[in-house]
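The values are calculated or read from the model by the stated rules, or taken from the named source; none is laboratory data. If you're wondering where the values come from, they're calculated on a predicted model, not measured in any experiment. Positions of Cβ are backbone-derived with ideal geometry, glycine not excepted, and every protein chain shown enters the neighbour counts. Surface accessibility is based on the protein's heavy atoms, side chains included, excluding ligands, DNA and RNA. Shrake-Rupley method; radii C 1.70, N 1.55, O 1.52, S 1.80 Å.
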Amino acid sequence: MIQDHKITFLGCGNMGTSLISGLVANGHPASSLCGVDPDESQRRRLADRHDIRITATIAEGVPGADVIVLAVKPQTVPAALAEVKQALQTERPLVLSIAAGIRIATISRALGGCPVVRAMPNTPALLGAGATGLYAAADVGADQRRLAMHIMQAAGVAVWLDDESQLDAVTAVSGSGPAYFFLVVELLEKMAAEMGLSREQAHLLSVETAFGAARMLKETGEDAATLRQRVTSPGGTTEKALQVFREGGLEPLLRRALTACRDRSVELAEQGD
């Protein structure tokens with residue numbers, strides 16, 4: 001059974017802790033989970049939330065694991081992988097990396113050939129509402145793919161990609177995407193206040209509008225274009241606003257922004273090789 005697999009998390013910050021919480025909530029036994037973090041405050045926080053095995057060292061947490069979730073900061077990955085390799089010796093567990101910008105070849109080479117899956121989650125995963133792209137190396141078996149999906153679905157939805165380079169597109173769309181929506185809500189609040197609403201009114205109306213629109217997209221089964229058209233009466237107020245967006249070049253501006261984000265993701269991966 002998939003719940004019998006032992007999973008060790010290297011790094012118990014927000015994302016690592018969120019995945020652990022999601023797994024426990026979904027029925028994965030706490031006794032099969034282990035958290036590794038050198039930060040005592042992180043370990044204490046995790047201990048307060050879950051009755052799992054917690055250790056400060058990779059040497060104690062890695063041996064015997066079926067999956068190692070690499071959830072450390074990208075700049076600490078090389079040192080962490082060196083410790084993992086030493087601790088594993090002849091073991092070859094699945095490595096599931098959520099470290100941004102570190103390619104599979106880099107991880108596999110550092111560990112001497114462990115099967116590797118890369119994942120790009122986003123910050124709503126902290127609430128169990130994440131969106132994650134996954135890519136598996138060729139030597140990852142079907143059972144290991146199911147296990148990787150099991151782990152990432154603990155934090156929201158997850159989709160498999162056909163090519164590792166698509167993770168750069170995922171970064172541009174969903175990885176960085178929450179910031180785009182936060183910016184829109186931030187500007188709606190600001191302009192609503194400029195139009196005479198109180199800060200409290202502007203905040204409530206902007207946030208609930210974003211939340212309601214997201215629910216309609218998710219729950220009605222209609223695509224964004226159809227829902228937009230239904231809100232837009234010919235000659236009405238919404239049509240006037242959308243006309244300004246079009247004339248101002250919203251689509252090419254958004255395309256430039258996502259392309260810049262994707263290209264920066266590629267650059268960071270190249271620097272990490």
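Could you tell me whether the stretch 113-176 comes out rounded, prolate or oblate from its Cα gyration tensor? Rule is a ≥ b ≥ c as square roots of the eigenvalues, rounded for a/c under 1.5, then prolate if a/b exceeds b/c, otherwise oblate. It comes out oblate by the Cα gyration axes.
Each peptide among 74-85, 11-22 gets the average number of other Cβ atoms lying within 10 Å of its residues, and from highest to lowest they stand as 11-22, 74-85. The accessible surface of the chain, taken with every protein chain in place and a 1.4 Å probe, is 57 percent carbon and sulfur. What is the stretch 26-149 by shape, rounded, prolate or oblate, if you read a ≥ b ≥ c off the alpha carbon gyration tensor as root eigenvalues and call it rounded for a/c under 1.5, prolate for a/b larger than b/c, and oblate otherwise? It comes out rounded by the Cα gyration axes. Between helix 250-272 and the chain there is an angle of about 20 degrees, using the helix long axis and the longest principal axis of the Cα atoms. Counting only Cα atoms, the stretch 160-232 measures 50, 25, 17 Å along its principal axes, largest extent leading.
Of GLY249, GLY130, GLY156, the residue with the greatest mean-square motion in the GNM of the chain, using alpha carbon springs below 10 Å, is GLY249.
Accessible surface calculations at 1.4 Å, restricted to protein heavy atoms, place the chain at 57 Å² per residue. Taking a ≥ b ≥ c as the square roots of the eigenvalues of the alpha carbon gyration tensor, the stretch 33-93 is oblate, as a/c is not under 1.5 and a/b does not beat b/c.
Judged by the mean number of other Cβ atoms found within 10 Å, the most tightly packed of the peptides 54-60, 66-72 leads the ranking 66-72, 54-60. Check cross-link reach from LYS218 to the aspartates and glutamates: straight Cα distance under 16 Å, and skip same-chain residues fewer than eight apart. Excluding near neighbours in sequence, the set is GLU208.
Which residue fluctuates most in the GNM of the chain (Cα springs below 10 Å): ALA25, ALA137, ALA172? Between ALA25, ALA137, ALA172, it is ALA25 that shows the largest mean-square fluctuation.
Here the average projected area of the convex hull drawn through the C-alpha atoms of the chain stands at 16.9 nm².
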